[in-house]
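Report on the structure given below.
No lab work stands behind these numbers, since they all come straight from the coordinates. All of these numbers come straight from a predicted model, not from anything done at the bench. FYI the Cβ positions are ideal-geometry reconstructions off the backbone, even for glycines, and counts take in every protein chain you see.
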Amino acid sequence: MSEPIGVVIVTFNSAPVIAECLESVFASRDADVAVVVVDNDSTDSTVQVIEDWASGRVPVSPRGNCPIRPLGPVAKPVRYTVSQAGDVPAEAPLVIVRSAVNGGFAHGVNRGLEVLARRKDVSLFWVLNPDCVVPPGTAAAYLAAAAEGPFSLIGCRTIYYEHPDRIQTDGGTVNRWTGVCSSVHARQAPDTPLPDARELDYVTGANMVASRTFLEAAGPMAEDYFLYYEEVDWASRRGNLPLKLVDGAVVYHHGGTAIGSGTAARRASPFANYFNYRNRRLFARRHLSGSGPIILVYALLKAAQLFLMGARDEARAILAGAFLRPPPPDVKAKVKEGEARRLAFGAAHDQQRGR
């Protein structure tokens, strides 16, 4: 058996989806997996669901529309350890890190990477969303692709869980002037040929594999984004290490189950809009010199469009984020008071409190 592939899954109120995700990951063929789940202070039963799954107390059955059948089965119990701080040995197949604060996506990913990086036998780090399910051959395909030569990040085709006849993303590009990220081949048929990875700016943070070489050169993810643009920023720090795509492997992803991201069937929530437009400004300051004024004009036009549609909360969130202002009350209320808000909103939070 080849070296294990390390898997980092960040959860927040993921009780409805996490068992199905874990079942699919541990059912991987021709690949060992070392999984670290970092729970970002969930207020639901996420951790209990994980422990019930690992012990075998609660059997997992794929939901009616699950695109993978059969799902598993995985022999139980799966040995696991639980840590409040992440300072546990990573030798158990499953490590659950319970964060005392919801520090956002990158914060959770970095805590998981810290645990896995202690293992000398792990050189690949697969960041996977909890609302994903993976076919049994995907992990082995990643391992095979990684053995072909140096790289920064590898992705594979990510397909909509609810619509397996549509591609969600094959990676993405960033508009140099507006900072807008576009998913390549979004909503196209799954038999569409993969793009040339050299034409991509990033691969989706819902399903990406980092090399140890890249991790050591670029460092961890920037945690001040809280959510959105973390993977875009990370990929922008890859230097001469190329992005890669794996042909013939896929991951199925729900998308937006915790944060209200926009999909083909719904508008993005105010919460999603605030962070998307705020982080676009932050990313542009770091990587897109001179684009700030155009990004603001783009945000004003989008906010005006939503306002005319009657989506006033969404419009206000866009304006607050784009102008790096404190979040609207309905956005702020979705993040627990105290340290979590400081991590989520940063200087805007301090400004709002009169500091």
Projected label distance in nm at R29 and S183, using a 7 Å step from Cα toward the beta-carbon: 2.7 nm
Rounded, prolate or oblate: which one fits the range 270-352, using the alpha carbon gyration tensor with axes a ≥ b ≥ c (rounded when a/c is under 1.5, else prolate when a/b beats b/c, else oblate)? oblate
Please tell me the relative contact order of the range 270-352 in percent, rounded to the nearest whole number, where contacts are Cα pairs under 8 Å and at least six residues apart. 35 percent
Lys/Arg Cβ at +1, Asp/Glu Cβ at -1, dipole of the range 270-352 taken about the Cα centre: which of Y277, I295, F307 is farthest positive-ward? I295
Projecting the Cα atoms of G172, L324, N102 onto the charge dipole of the chain, where Lys and Arg contribute +1 and Asp and Glu -1 at Cβ, the residue farthest towards the positive end is L324
Quickly work out the E216-to-E199 label distance, labels modelled 7 Å from Cα along the C-beta direction, and quote it in nm with one decimal. 3.4 nm
State, to one decimal in nm², a quarter of the convex hull surface area for the C-alpha atoms of the chain, i.e. the direction-averaged projected area. 17.3 nm²
Nearest 500 deg cm²/dmol is fine: what mean residue ellipticity at 222 nm does the chain get from its DSSP H runs of n ≥ 4 alone, each adding -39,500 (n - 2.57), divided by its residue count? -10000 deg cm²/dmol
In the range 288-349, which GluC sites (Glu not before Pro) are in a loop and have at most 15 other Cβ atoms within 10 Å, using DSSP for the loop call? E337
Relative contact order of the chain, pairs being alpha-carbon contacts under 8 Å that are 6 or more residues apart, as %: 16 percent
Gyration tensor on Cα atoms of the range 70-174, a ≥ b ≥ c root eigenvalues, a/c under 1.5 rounded, else prolate if a/b beats b/c, else oblate, says rounded
Shape call for the range 142-195, from the Cα gyration tensor axes a ≥ b ≥ c (a/c under 1.5 means rounded, otherwise prolate when a/b beats b/c, else oblate), comes out oblate
Of all DSSP beta bridges in the chain, antiparallel share, percent nearest 5: 40 percent
For the chain, find the longest principal axis of its Cα atoms and tell me its angle to the long axis of helix 46-55, 0 to 90°, nearest 10. 10 degrees
All aspartates and glutamates inside 14 Å of K302 as judged from Cα atoms, apart from same-chain residues fewer than 8 positions distant: D313, E314
Partner aspartates and glutamates whose C-alpha sits under 18 Å from that of K120, ignoring same-chain residues fewer than 8 away, are E3, D32, D87, E91, E216
Magnitude of the Cβ-charge dipole (Lys and Arg +1, Asp and Glu -1) of the chain about the Cα centre, nearest 20 debye, reported as 1140 debye
Have a look at V184, N129, Y160 and report the one farthest towards the positive end of the charge dipole of the range 113-210, computed about the Cα centre with Cβ charges (Lys/Arg +1, Asp/Glu -1). N129
Roughly how tilted is helix 105-117, in degrees to the nearest 10 and between 0 and 90, from the longest Cα axis of the chain? 30 degrees
Quick calc, H163 & F307: beta-carbon distance into FRET formula, R0 45 Å, rounding 0.05, result 0.90
Additional length obtainable on full extension of the chain from T192 to R176, 0.36 nm per residue less Cα span: 3.2 nm
Compute, for the range 270-352, the length of the dipole vector about the Cα centre, with Cβ point charges of +1 (Lys, Arg) and -1 (Asp, Glu) only. Units Debye, rounded to 20. 180 debye
